[in-house]
Amino acid sequence: MESLLLPVLLLLAVLWTQAAALINLKYSVEEEQRAGTVIANVAKDAREAGFALDPRQASAFRVVSNSAPHLVDINPSSGLLVTKQKIDRDLLCRQSPKCIISLEVMSSSMEICVIKVEIKDLNDNAPSFPAAQIELEISEAASPGTRIPLDSAYDPDSGSFGVQTYELTPNELFGLEIKTRGDGSRFAELVVEKSLDRETQSHYSFRITALDGGDPPHLGTVGLSIKVTDSNDNNPVFGESTYSVSVPENSPPNTPVIRLNATDPDEGTNGQVVYSFYGYVNDRTRELFQIDPHSGLVTVTGALDYEEGHVYELDVQAKDLGPNSIPAHCKVTVSVLDTNDNPPVINLLSVNSELVEVSESAPPGYVIALVRVSDRDSGLNGRVQCRLLGNVPFRLQEYESFSTILVDGRLDREQHDQYNLTIQARDGGVPMLQSAKSFTVRITDENDNHPHFSKPYYQVIVQENNTPGAYLLSVSARDPDLGLNGSVSYQIVPSQVRDMPVFTYVSINPNSGDIYALRSFNHEQTKAFEFKVLAKDGGLPSLQSNATVRVIILDVNDNTPVITAPPLINGTAEVYIPRNSGIGYLVTVVKADDYDEGENGRVTYDMTEGDRGFFEIDQINGEVRTTRTFSESSKASYELIVVAHDHGKTSLSASALVLIYLSPALDAQESMGSVNLSLIFIIALGSIAGILFVTMIFVAIKCKRDNKEIRTYNCVSVSLCENPNAFVFYLNACILLTAELINSFD
């Protein structure tokens, strides 16, 4: 069941975890603690590290991987890291300098912690010897300084709690020299310090004590029995006391490792040397190597695997077959050479190892996948370099125990909705081994695109007097997102047209973008108007954009010209001209207004009926002039029908009857200078009227002030003072007289 849940949890981590959410937590606990011992409060430490833990979640953490699930675990609700049973470091890691349990856990907020728990060693073991008694035979000819290796004591504890030293009691003739092996373990060599004499004493008994580095130290003892024998003239001698050789892993059986040679100049059995393993050579080493007792050739007998063990120490002794032989000893250190025999292994931690989904809105640094790459080889052979192949917006970030694939660029589903990623892992061996893992990354859609109008500005031209409900134009906006994120609806942005809501002028179909007129437009009132159309998608939150629509209303010839001059009464105007007017005399000017524009509003004039033989009209400016002179016998009045018509496609017109009356003739000189004389006369009359007006006001004021003191007035003054209405009448008469004179001269 756990194997099924693990990929699911990792997939959630892939989808939500970001690089910033990955931290390392380190703890330690001493061995031999009882089950249930709290090592640390991971939830508290993670929260202090910035993790957003939801207190409402029942489960704070989930274990993604655990190198020792039978020893430690995290309480899913409290986040406490606890022991599940008593931990024996010596059994778990033997004598390794470091004993680490690794966990990778994921919080309920989809954040990842890498937890390292170091198991601290306790000095809970005493050194022990492989046998209760060590028996040695030493020739009385052994000279001072002769060294004989002794069986080593074994202490399961590591580091300083392992065997540190040996003591010999008593130590009159012999001493001990402490040496260190390649794996850090220590052993003792018995050293002859004084000459031996078998006739004086042939047997010695000692006690060897092995002590560890604890405080206080633990110790183990063994008895040492030494028998002094008659001398054998010559003893075997190795050329070196130590030898170092190497052999490749996976070497076949009987592969030679080293041929040892100890020389003994004696003859016969006294000079015949036999070889054997001696002392501290464990059973596993004896399974992997053997030594030929006669030739001294060390060969491979088992399957050497560097990943299992890469250094072996062989204690070899050479002894002749003569009586009282003193054996020679040497140490052979065999280093197993790692060969690049293991290719990297790539594991994609996901529910579906072939497909990963990520949102196109994922920012740079967003983790999309967890990758674990392993290589059982060591050194350069096991040093793996990973990379992503191809030019893709992702990158690989390596950590201590796994790697992550992160977003490394902008993702846009509308441009690229799928990527095929290939992870390549290469080791540093010779020849290099490599492996590859391919999977697909599918980009999921987000509402990240605004609707885009086909153009930002639309314009439509429509004639006035259109039918309400008439189709005007269509606007169109496209959104490349999927589903509701890409569905577009339209609406008109509220605004005013001539102080009226735009909704009273136009409407829009929210689905198609078709725009319709809601009223009949009038060019003379509104020549053009603008409004904005909003396009919204269906995403949450929705995105929008707008475009401007301009409606231009074309003029239609729907207004008839209106004659404004000369003034008409019931369609008739009366004009007076002097009887002695000459040819070209300006009779009147016909003016007409047309509210249309362009040709529809351009007005020209014509005479259609009446006394057209005496007058002519200018078609452009409407001036009516005489075409002949009038005599005393000419009739007193003339009639003209004038017409003002526009130039629309269907021309509209207005007509008026102009009655022209001849006034009494003036002489030619007066006629010629009529304008100047009239102007002078008007100025004179105006001045007189003004003087009279000021005089009357002055008289009225004076009458009011001096009515009681002054009793004698001229008749006008008395009349005006006693009757104010007479004063007003007199003033109005002056004004009317002046106005009448001005009109008569016009």
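Quick look at the numbers
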{"item": "Two-site FRET efficiency, GLU172 against LEU122, from Cβ-Cβ distance with R₀ of 30 Å, rounded to 0.05", "result": "0.20"}
{"item": "Percentage relative contact order, segment 86-211, counting C-alpha pairs under 8 Å, at least six apart", "result": "25"}
{"item": "Separation of alpha-carbon centers, segment 572-639 and segment 254-319, rounded to whole Å", "result": "147"}
{"item": "Mean Cα-pair separation over length for segment 237-337, i.e. relative contact order, pairs under 8 Å, 6 or more apart, %", "result": "39"}
{"item": "Note, ³J(HN,Hα) from phi for segment 626-631, Karplus 6.51, -1.76, 1.60, rounded to Hz, x at Gly and Pro", "result": "6, 10, 7, 8, 10, 10"}
{"item": "Computed label-point distance, nm, for sites ALA565 and SER401 using a 7 Å Cα→Cβ extension", "result": "10.4"}
{"item": "Lysines whose Cα lies under 29 Å from that of LYS591, excluding same-chain neighbours fewer than 8 positions away", "result": "LYS527, LYS635, LYS649"}
{"item": "Relative contact order (%) - segment 519-657, alpha-carbon pairs under 8 angstrom, separation at least six", "result": "24"}
{"item": "Per-peptide average of other Cβ atoms within 10 Å, ordering 581-590, 391-400 highest first", "result": "581-590, 391-400"}
{"item": "Using a Förster distance of 56 Å, the FRET efficiency for ALA35-GLU287 (Cβ separation, nearest 0.05)", "result": "0.95"}
{"item": "Anchor LYS120: lysines whose Cα lies under 18 Å away (excluding residues fewer than 8 positions away in-chain)", "result": "LYS26, LYS84, LYS86, LYS98"}
{"item": "Prolate/oblate/rounded label for segment 237-337 (Cα gyration tensor, a/c 1.5)", "result": "prolate"}
{"item": "Distant-in-sequence amide H partners of TYR585 (H built 1.01 Å from N, under 5 Å)", "result": "THR626"}
{"item": "Mean-position separation - Cα centroids, segment 356-384 and segment 423-491, in angstrom", "result": "31"}
{"item": "Per-residue HN-Hα couplings for segment 329-346 [Karplus 6.51, -1.76, 1.60; θ = phi - 60°; Hz; x = Gly/Pro]", "result": "10, 8, 10, 10, 9, 9, 9, 7, 7, 6, 10, 7, 10, 10, x, x, 10, 10"}
{"item": "GLN434-GLU616 pseudo-label distance in nm [points 7 Å out on the Cα-to-Cβ vector]", "result": "10.5"}
{"item": "Within straight-line cross-link reach of LYS319, lysines at Cα separation under 16 Å, skipping those fewer than 8 residues along the same chain", "result": "LYS331"}
{"item": "GLN463 long-range amide H proximity, modeled H, under 5 Å", "result": "LEU554"}
{"item": "Per residue solvent-accessible surface (Å²) - segment 345-437, probe of 1.4 Å", "result": "50"}
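The values are calculated or read from the model by the stated rules, or taken from the named source; none is laboratory data. Not measured: the values here are computed from a predicted model. When we count neighbours, we look across all protein chains shown, and the Cβ atoms used for this are built from the backbone with ideal geometry, even at glycine. The protein model used for the area step is the full one, side chains on, heavy atoms only, and it has no ligands, DNA or RNA in it. Shrake-Rupley method; radii C 1.70, N 1.55, O 1.52, S 1.80 Å.
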